[in-house]
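The values are calculated or read from the model by the stated rules, or taken from the named source; none is laboratory data. No experiment lies behind these values; they were computed from the predicted model shown. For neighbour counting, all protein chains shown are included, and Cβ atoms are generated from backbone atoms with ideal geometry for every residue, glycine included. Accessible surface is based on the protein model in full, side chains and every heavy atom, while ligands, DNA and RNA are left aside. Shrake-Rupley method; radii C 1.70, N 1.55, O 1.52, S 1.80 Å.
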Amino acid sequence: MNQPCDLSIVIVSWNVWPLLAGCLRSIEQASRPLPGAAQLRAFGPPDRPATLEVIVVDNASRDATTTELPLAFPWVRLIDSAKNLGFTRGNNVGYAASGGHFVYFLNPDTELDPGDARASLWRLYDTLAGAEDVAMAGPQLRYADGAAQSSRRRFPTPLTGFFESTWLGRAWPQNPWSRRLHMIDWPDTFRQDVDWLVGAAMLCRRRALEETRTAAGPFDERFFMYSEELDLGRRLRAAGWRVLYAPEAVVIHHEGKSSEQASAARHIHFNTSKVRYAAKWFGPGWSELLRRYLMLEFRIQIGIEAGKWLLRSQPALRRERIAAYRQVLRSGLR
């Protein structure tokens with residue numbers, strides 16, 4: 001049953017219990033128990049506290065998540081899925097079960113600023129709550145060593161897909177399409193409007209999500225994972241809402257700990273989502289051209305790995321990569 005509150009934190013998890021536990025501990029440090037409400041907590045200044053709930057959607061993990069979480073964090077609502085719903089559908093399920101006026105979509109491999117978790121949560125919440133024309137606010141992301149992690153973005157152009165996370169991009173790292181996407185021309189140390197935010201930490205206004213939602217929820221489930229936050233940002237901006245980057249709130253992001261468990265699936269989902277985004281926003285012609293180019297990259301990569309295997313250079317690694325790339329080709333990125 002949805003319980004009304006100020007903020008719902010939704011976390012979709014898959015086989016990362018130690019990291020998820022760290023994320024939940026940081027939320028615990030940023031909040032305090034609310035008397036008489038087992039699964040609600042309070043946060044913010046004592047003179048104007050807000051209430052929050054935390055919902056974890058577990059995507060059929062094989063680790064200790066579903067047994068350990070209720071014992072360690074009884075105030076967290078656990079939705080135990082019998083199958084892997086993917087990041088996008090999992091977030092829609094968590095959103096449907098939530099009751100907050102604002103919804104904070106967090107990755108399980110994140111932690112609210114270890115130096116000041118309370119400030120991390122309250123600053124971002126207060127920023128969004130006080131700006132009625134802002135649909136989404138995102139914090140400054142940092143790696144575990146404290147180094148800055150890029151999280152602000154402009155919308156990609158039709159050519160961006162050929163230069164972002166591809167051979168062309170690695171061969172020409174200063175290409176204008178990737179630089180524009182990552183907002184290299186703007187410093188990441190001050191608050192600013194952006195087109196969209198990396199999906200590891202997105203605090204959203206429910207009213208804006210409802211206004212722009214798909215039939216299934218705020219996220220388009222045609223994207224199993226990857227590009228779903230880009231698509232959401234595009235719909236929010238098209239509807240006239242602002243998206244805000246607020247670096248005064250800090251979140252640590254241990255990037256990619258779920259997806260790195262399945263190399264072939266990561267390649268397939270990442271590139272298929274790029275193709276689907278191109279089809280949705282740039283049309284079938286651009287989408288097919290991008291799909292063919294990405295398929296060519298993987299065919300060439302198989303040839304390179306096969307050559308290295310013949311030279312007996314880390315043969316086990318070469319076999320693993322060739323098998324993963326062949327799975328990508330069999331998928332057709334469709």
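Answer yes or no as to whether Thr189 is out of contact with any Gly (no Cβ under 9 Å at 6 or more places or on another chain), at pLDDT below 95 and open to solvent by less than 10 Å² (accessible area, probe 1.4 Å).
Numbers: out of contact with any Gly (no Cβ under 9 Å at 6 or more places or on another chain): yes; at pLDDT below 95: yes; open to solvent by less than 10 Å² (accessible area, probe 1.4 Å): no.
Criteria not met by Thr189.
Taking the stretch 124-152 on its own, how many of its residues are farther than 16 Å from Arg242 by Cα, more than 16 Å from the chain's Cα centre (by Cα) and among the aromatic types (Phe, Trp, Tyr)?
Qualifying residue count, the stretch 124-152: 0.
Of everything in the stretch 86-98 that's open to solvent by 20 Å² or more (accessible area, probe 1.4 Å) and modelled with pLDDT of 95 or more, which residue is nearest to Ala129 (Cα to Cα)? First the steps, then the outcome.
Narrowing the stretch 86-98 to residues open to solvent by 20 Å² or more (accessible area, probe 1.4 Å): 87, 89, 93, 96.
Checking which are modelled with pLDDT of 95 or more leaves us with 89, 93, 96.
Numbers: Arg89: 26, Val93: 24, Ala96: 21 Å.
Taking the candidates together, the pick is Ala96.
Would the stretch 64-80 turn up any residue that is touching a Phe, Trp or Tyr at 6+ places or on another chain (Cβ under 6 Å), polar (S, T, N, Q) and either open to solvent by 10 Å² or more (accessible area, probe 1.4 Å) or farther than 29 Å from Arg242 by Cβ (or both)?
Within the stretch 64-80 (the criterion being touching a Phe, Trp or Tyr at 6+ places or on another chain (Cβ under 6 Å), polar (S, T, N, Q) and either open to solvent by 10 Å² or more (accessible area, probe 1.4 Å) or farther than 29 Å from Arg242 by Cβ (or both)), the answer is yes, since at least one residue qualifies.
Please specify each residue of the stretch 68-121 satisfying the condition of being more than 29 Å from Glu211 (Cβ to Cβ) and hydrophobic (A, V, I, L, M, F, W, C).
Scanning the stretch 68-121 gives Leu69, Leu71, Ala72, Phe73, Trp75, Leu78, Ala82, Ala117, Ala119.
Would you pick out the residues in the stretch 168-179 that are exposed (fewer than 15 other Cβ atoms within 10 Å of the Cβ) and touching a helix residue (DSSP H, G or I) at 6+ places or on another chain (Cβ under 8 Å)?
Within the stretch 168-179, the subset exposed (fewer than 15 other Cβ atoms within 10 Å of the Cβ) is 170-174, 176, 179.
Within the stretch 168-179, just Trp172 meets the criteria.
Can you name the residue in the stretch 42-56 that is charged (D, E, K, R) and open to solvent by 10 Å² or more (accessible area, probe 1.4 Å) and, of all such residues, is nearest to Pro108 (Cα to Cα)?
To start, the set of residues in the stretch 42-56 that are charged (D, E, K, R) comprises 47-48, 53.
In the following step, the residues that additionally are open to solvent by 10 Å² or more (accessible area, probe 1.4 Å) were identified as 47-48.
Values: Asp47: 31, Arg48: 28 Å.
Among residues in the stretch 42-56 that are charged (D, E, K, R) and open to solvent by 10 Å² or more (accessible area, probe 1.4 Å), the one nearest to Pro108 (Cα to Cα) is Arg48.
Looking at this structure, is Leu121 in contact (Cβ under 8 Å) with a residue 60 or more places away in the chain and either β-branched (Val, Ile, Thr) or closer than 28 Å to Asn59 by Cα (or both)?
Working: in contact (Cβ under 8 Å) with a residue 60 or more places away in the chain: yes; either β-branched (Val, Ile, Thr) or closer than 28 Å to Asn59 by Cα (or both): yes.
So Leu121 passes the test.
Quickly run through the stretch 1-24 and pick out the residues that are within 13 Å of Leu106 (Cβ to Cβ) and either surrounded by fewer than 21 Cβ atoms within 10 Å (Cβ to Cβ) or of a type in the set (A, V, I, L, M) (or both). Spell out how you get there, then give the answer.
Let us first name the residues in the stretch 1-24 that are within 13 Å of Leu106 (Cβ to Cβ), namely 7-13, 16, 19-20, 22-24.
Selection gives Leu7, Ile9, Val10, Ile11, Val12, Val16, Leu19, Leu20, Gly22, Leu24.
Consider only pairs whose beta carbons are under 7 Å apart and that are at least six residues apart or on different chains; among these, list those whose first residue lies in the stretch 209-223 and is within 17 Å of Ala137 (Cβ to Cβ) and whose second residue is loosely packed, with under 15 Cβ neighbours inside 10 Å.
Once the first residue is within 17 Å of Ala137 (Cβ to Cβ) and sits in the stretch 209-223, its partners that are loosely packed, with under 15 Cβ neighbours inside 10 Å give Glu211/Ala239; Thr212/Ala239.
If Gln39 meets every condition in (1) surrounded by fewer than 17 Cβ atoms within 10 Å (Cβ to Cβ); (2) within 17 Å of Ala200 (Cβ to Cβ) apart from one, which number is that one?
(2)
If Pro158 passes every condition in (1) touching a residue at least 40 places away in the same chain (Cβ under 8 Å); (2) open to solvent by 20 Å² or more (accessible area, probe 1.4 Å); (3) in contact with a strand residue (DSSP E or B) (Cβ under 8 Å, 6 or more places away or on another chain); (4) over 24 Å from Ile55 (Cα atoms) but one, which one does it miss?
Going through the list (1) touching a residue at least 40 places away in the same chain (Cβ under 8 Å); (2) open to solvent by 20 Å² or more (accessible area, probe 1.4 Å); (3) in contact with a strand residue (DSSP E or B) (Cβ under 8 Å, 6 or more places away or on another chain); (4) over 24 Å from Ile55 (Cα atoms), Pro158 breaks only (3).
Just checking: which of the helices (runs of 4 or more DSSP H) contained wholly in the stretch 220-334 hold 1 or more residues that are surrounded by fewer than 13 Cβ atoms within 10 Å (Cβ to Cβ)? Explain how you work it out, then say what you get.
Numbers: elements: 228-238, 263-282, 284-310, 315-331.
Ranges flagged: 228-238, 284-310, 315-331.
Quick check on the stretch 276-291. Is at least one of its residues over 30 Å from Leu232 (Cα atoms) and not β-branched (Val, Ile, Thr)?
So in the stretch 276-291, the residues over 30 Å from Leu232 (Cα atoms) come out as none.
Checking the stretch 276-291: not a single residue is over 30 Å from Leu232 (Cα atoms) and not β-branched (Val, Ile, Thr).
What pairs come up if the first residue lies in the stretch 285-300 and is in contact (Cβ under 8 Å) with a residue 40 or more places away in the chain, the second is in a helix (DSSP H, G or I) and charged (D, E, K, R), and their beta carbons are under 7 Å apart, counting only those six or more places apart or on different chains?
Leu290/Lys274
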